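Worksheet for the structure shown next.
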Amino acid sequence: MQIIEDLITAYAHDIDDDELESWPNYFTEDGTYTILTRENMAAGLPMGIMHCQGRGMMADRIKAMQTANIFEEHTYCHILGRSQINRHDQGFEGRTNFTVLRTMQEGRTETFAVGKYLDLFTVTDGETLIVERKVVLESRRVDILLVRPL
Amino acid sequence: MQIIEDLITAYAHDIDDDELESWPNYFTEDGTYTILTRENMAAGLPMGIMHCQGRGMMADRIKAMQTANIFEEHTYCHILGRSQINRHDQGFEGRTNFTVLRTMQEGRTETFAVGKYLDLFTVTDGETLIVERKVVLESRRVDILLVRPL
Amino acid sequence: MQIIEDLITAYAHDIDDDELESWPNYFTEDGTYTILTRENMAAGLPMGIMHCQGRGMMADRIKAMQTANIFEEHTYCHILGRSQINRHDQGFEGRTNFTVLRTMQEGRTETFAVGKYLDLFTVTDGETLIVERKVVLESRRVDILLVRPL
């Protein structure tokens with residue numbers, strides 16, 4: 001599904017570009033966004049590390065982040081694997097492996113996060129939106145900078 | 001070729017999910033699976049580090065691995081690049097770069113393997129299967145844990 | 001756009017395979033190739049670290065590189081994320097995140113480069129060529145081995 005893959009790619013590029021204000025617009029009005037670890041997921045603890053319900057809560061988080069952000073400047077680059085997309089109820093479900101590489105001010109690059117997106121999408125009148133995005137991280141060792149969307 | 005790329009992606013996700021029993025089913029009954037290094041390949045030594053001929057041999061290997069596995073628990077995440085797919089005889093050939101990231105129990109992530117899949121596929125009656133998969137690793141320094149399929 | 005993504009993938013594979021002579025042929029006769037850092041780009045300094053104008057200059061660079069190359073042998077493997085492709089004037093523009101993993105003679109693998117391709121393409125009579133490729137690196141810490149195309 002071209003249009004779903006386009007959305008997944010555009011989402012990653014916007015975050016890489018620090019266009020965080022546009023982040024909530026990838027979701028439906030009451031869409032959900034959850035970051036959890038693979039370990040949480042396997043243990044049936046789906047609420048995880050961070051949970052946003054609805055665009056309003058997402059926008060609040062971005063505002064809080066921009067106010068609080070006193071850390072040195074990093075840059076982020078998402079490398080996405082190919083998505084697996086299937087029909088699901090009235091919409092589609094997707095799975096996309098990713099790694100986010102972070103580059104420090106002085107030039108060093110490190111693996112910031114590795115995991116998969118487990119998504120539900122709705123496609124209506126040519127508009128594609130995320131109904132639910134679970135960001136399932138491989139590692140339980142979560143960076144405290146993880147106030148930023150992934 | 002959508003259906004071939006779907007197979008390549010599903011294969012990687014199954015291994016990431018530890019669904020190793022389904023691994024032989026991606027191949028034709030007498031399909032082959034070989035792990036070799038780029039150096040081997042260039043030197044015309046194509047048999048490499050590991051070679052399986054047929055689903056039976058693949059299934060045996062999975063069983064042996066599950067019996068022998070006394071190592072600490074890791075998790076694996078494949079990041080696949082875009083595939084190059086071309087017609088070849090009665091089927092298709094494909095090339096897909098990959099990296100496999102391994103996360104340790106305590107949370108550290110490292111590059112486990114980097115290389116490319118060189119594949120031959122058959123597509124019949126809507127069923128797509130691997131006739132031959134060569135996993136060509138960049139590094140000659142091969143982890144002894146490499147009893148696991150890549 | 002299948003044909004554009006095919007070109008982007010083939011370009012990366014050719015470089016991985018050390019088929020550097022074919023590199024200029026991915027560009028139009030007077031196509032441009034520029035390597036710059038994200039920091040340069042943000043500061044409006046687009047000429048960056050390296051700039052080639054036209055196939056002739058690209059071919060010269062490959063020749064110079066092959067003459068000068070006295071370094072130990074490394075291998076390179078591009079992992080490309082999914083491309084974002086849009087119409088642009090008479091052609092197309094594309095953005096593709098990438099990471100290049102370098103493996104040393106003794107087997108160690110490291111992240112050599114991380115960044116994005118910002119491309120302009122022309123598609124005529126079934127032939128797809130690069131009109132302009134900007135390689136925007138995340139890091140200002142640029143390896144001196146960066147005489148090689150990315």
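The values are calculated or read from the model by the stated rules, or taken from the named source; none is laboratory data. Keep in mind that what you see is a predicted model, and the values were worked out from it rather than measured. Positions of Cβ are backbone-derived with ideal geometry, glycine not excepted, and every protein chain shown enters the neighbour counts. Ligands, DNA and RNA are excluded from the accessible area calculation, which covers all protein heavy atoms including side chains. Shrake-Rupley method; radii C 1.70, N 1.55, O 1.52, S 1.80 Å.
General observations
- Under-5 Å amide H pairs with A:ARG82, H placed in peptide plane, nonlocal only: B:LEU80
- Counting protein heavy atoms only, the range B:1-131 has 50 percent of its accessible area on carbon and sulfur, 1.4 angstrom probe.
- Model label sites at A:THR124 and B:SER22, defined 7 Å from Cα along the beta-carbon direction, differ in position by 3.1 nm.
- Residues in the range B:126-135 carry Karplus couplings, in order, of x, 9, 10, 9, 8, 8, 8, 10, 9, 9 Hz; the curve used is 6.51 cos²θ - 1.76 cosθ + 1.60 with θ = phi - 60°, and Gly or Pro positions show x.
- Starting from the label point of C:GLN53 at 7 Å along Cα→Cβ, the same points in the other copies fall at 6.0, 6.0 nm, in ascending order.
- Cross-link pairs A:LYS116/C:LYS116; A:LYS116/B:LYS116; B:LYS134/C:LYS63 - those with Cα-Cα distance over 26 Å: B:LYS134/C:LYS63
- GNM remark for chain A: springs join alpha carbons under 10 Å apart, and the peak mean-square fluctuation among A:GLU132, A:GLU93, A:GLU29 falls on A:GLU29.
- Interface of C with A. Using a 1.4 Å probe and counting protein heavy atoms only, the two chains hide about 1700 Å² of accessible surface, both sides summed.
- 7 Å along Cα→Cβ, label-point gaps from B:GLU127 to other copies, nm, shortest first: 4.4, 4.4
- In the context of the full set of protein chains, the range C:3-57 has a per residue accessible area of 42 Å² (1.4 Å probe).
- Top of A:HIS13, A:HIS51, A:HIS88 by mean-square fluctuation, Gaussian network on chain A, Cα under 10 Å: A:HIS88
- Short-range pairs are left out: with C-alpha atoms under 8 Å and at least six residues apart, the relative contact order of chain C is 26 percent.
- Once the Cβ-Cβ distance of C:LEU45 and A:HIS74 is raised to the sixth power relative to R0 = 25 Å, the FRET efficiency obtained is 0.75.
- Placing +1 on the Cβ of every Lys and Arg and -1 on the Cβ of every Asp and Glu, with nothing else charged, gives chain B a dipole about its Cα centre of roughly 660 debye.
- Shape class of the protein assembly as shown from the Cα gyration tensor (axes a ≥ b ≥ c, square roots of the eigenvalues): rounded, since a/c falls below 1.5.
- Gaussian network model of chain C, springs between alpha carbon atoms under 10 Å - residue of C:ASP89, C:ASP119, C:ASP60 with greatest fluctuation: C:ASP89
- Exercise: per-residue mean of other protein chain Cβ atoms within 10 Å, B:76-88: 6
- In the assembly of identical copies, A:ASP30 has its label point, taken 7 Å from Cα in the direction of the beta carbon, separated from the corresponding points by 5.9, 5.9 nm (ascending, one decimal).
- Shape class for the range A:20-141: prolate, because the ratio a/c of the largest to smallest gyration tensor axis (alpha-carbon atoms, square roots of eigenvalues) is 1.5 or more and a/b beats b/c.
- Rough spin-label spacing in nm, given labels placed 7 Å along Cα→Cβ, for A:ARG87 and B:GLU29: 3.2
- Dipole check for the range C:74-150: with +1 at the C-beta of Lys and Arg, -1 at the C-beta of Asp and Glu, and the Cα centre as origin, the magnitude is about 340 Debye.
- Spatial separation of Cα centroids for the range C:1-19 and the range A:50-118, in angstrom: 27
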